[in-house]
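Data block below; observations after.
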Amino acid sequence: MGNKEVVKLIDVNKRYYLSNSVYVDALIDVSVSIREGEIVIIMGPSGSGKTTLMNIMGTLDKPTSGRVIIDGIDITDADEDYLSKFRLEKLGFVFQQYNLVSQLTALENVMLPMLLTGKYTKDEAREKARLLLDLVGVADYMNNKPTQLSGGQQQRVAIARALANGPSFIIMDEPTGSIDLASSFLVLDLIRLLNRSIGVTFVVATHNMEVASIGSRIIYLRGGRVMQESDLAKIKEEFSKLRVDQSVVIKSYLRILDIEERRLRRLGEDTREIERKRSLMSSTMVD
């Protein structure tokens, strides 16, 4: 786990007005720090403020007061034009209902965020998208549209799409809420392996204890306030066996790094981050 803070909320409050005199305090004095390489679980009962907290971390909503710092940038007062570009380049999203574009194939869904940045050629985006789909185990369905995929397959396509632009962290809202138990285990294994092997940071909102068991820590909300972290050591021990082939994930991602290195060299940009990721994966293989 790195020391870099990818999310920092400072005394964040969020108040929703139902009328001039009636309001609801969804978040109260919330201060949260999430570091690179963590899997942070957001838990709490309905109405606790989970969705509001996730929306503020994802720059989809603004606090009433307090500061929001993402990847070292204070975006609290940024306008929507800036935030739209910021979300595309810095954040990844995986929703309970997948939110894939129904008219596009799985491959095209993963290509789309890369092409929207203007930083990838169509060939680069296509090649990287294929490898990302291979990494999450659905490469055989790359030409299928969402209606031709199971719920579990759609969610893995959504994870590939979230990874497309190398986000600082990925926000997941009930990622197993709409899929069957077997598919849930595969998705959870994939999250854990992406975190362990590649260093992807996840922030996951859930009611599900199996999902919570993969977290490095839990932020528990009640009544809009952050409560004491929960101890899930016993569940983690029971859910410790990997079901996803680590070598397949690492092999696919090393090929993705090759694409990224070629692209960065073509653009005349720094490739040191690529070497850092290769080194991280090499140490994982040794472990």
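The values are calculated or read from the model by the stated rules, or taken from the named source; none is laboratory data. Not measured: the values here are computed from a predicted model. Reconstructed Cβ throughout: ideal geometry from the backbone, glycine too, with neighbour counts over all protein chains shown. SASA here: full protein model, heavy atoms, side chains in, ligands and nucleic acids out. Shrake-Rupley method; radii C 1.70, N 1.55, O 1.52, S 1.80 Å.
Per-structure values
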read-out	value
Checking residue 19 against (1) under 30 Å from residue 118 (Cα atoms); (2) open to solvent by less than 70 Å² (accessible area, probe 1.4 Å); (3) polar (S, T, N, Q), the condition it does not meet	(1)
Strands (runs of 3 or more DSSP E) wholly inside the range 142-234 that include at least 2 residues being modelled with pLDDT of 95 or more	169-173, 202-205
Meets criteria (in contact (Cβ under 8 Å) with a residue 24 or more places away in the chain, open to solvent by less than 30 Å² (accessible area, probe 1.4 Å) and under 26 Å from residue 32 (Cβ atoms)) for residue 209	no
Residue that is acidic (Asp, Glu) and touching a residue at least 60 places away in the same chain (Cβ under 8 Å), where the choices are 140, 134	134
Of residues in the range 104-136 being in contact with a helix residue (DSSP H, G or I) (Cβ under 6 Å, 6 or more places away or on another chain) and not in a helix (DSSP H, G or I), the one most open to solvent (accessible area, probe 1.4 Å)	120
The listed residue being over 15 Å from residue 40 (Cβ atoms) and small (Gly, Ala, Ser), out of 197, 216	197
Number of the exception - residue 98 against (1) crowded, with 20+ Cβ neighbours inside 10 Å; (2) modelled with pLDDT under 95; (3) out of contact with any Lys or Arg (no Cβ under 9 Å at 6 or more places or on another chain); (4) over 30 Å from residue 141 (Cα atoms)	(4)
Contacts under 8 angstrom Cβ, first residue in the range 1-28 being over 22 Å from residue 73 (Cα atoms), partner open to solvent by 30 Å² or more (accessible area, probe 1.4 Å) and not in a strand (DSSP E or B), 6 or more apart	15/64; 24/18; 28/223
Which numbered condition residue 60 fails, given (1) surrounded by fewer than 22 Cβ atoms within 10 Å (Cβ to Cβ); (2) touching a residue at least 60 places away in the same chain (Cβ under 8 Å); (3) within 19 Å of residue 175 (Cα to Cα)	(2)
Residue within the range 65-83 that is closer than 16 Å to residue 171 by Cβ, at pLDDT below 95 and not in a strand (DSSP E or B) present	yes
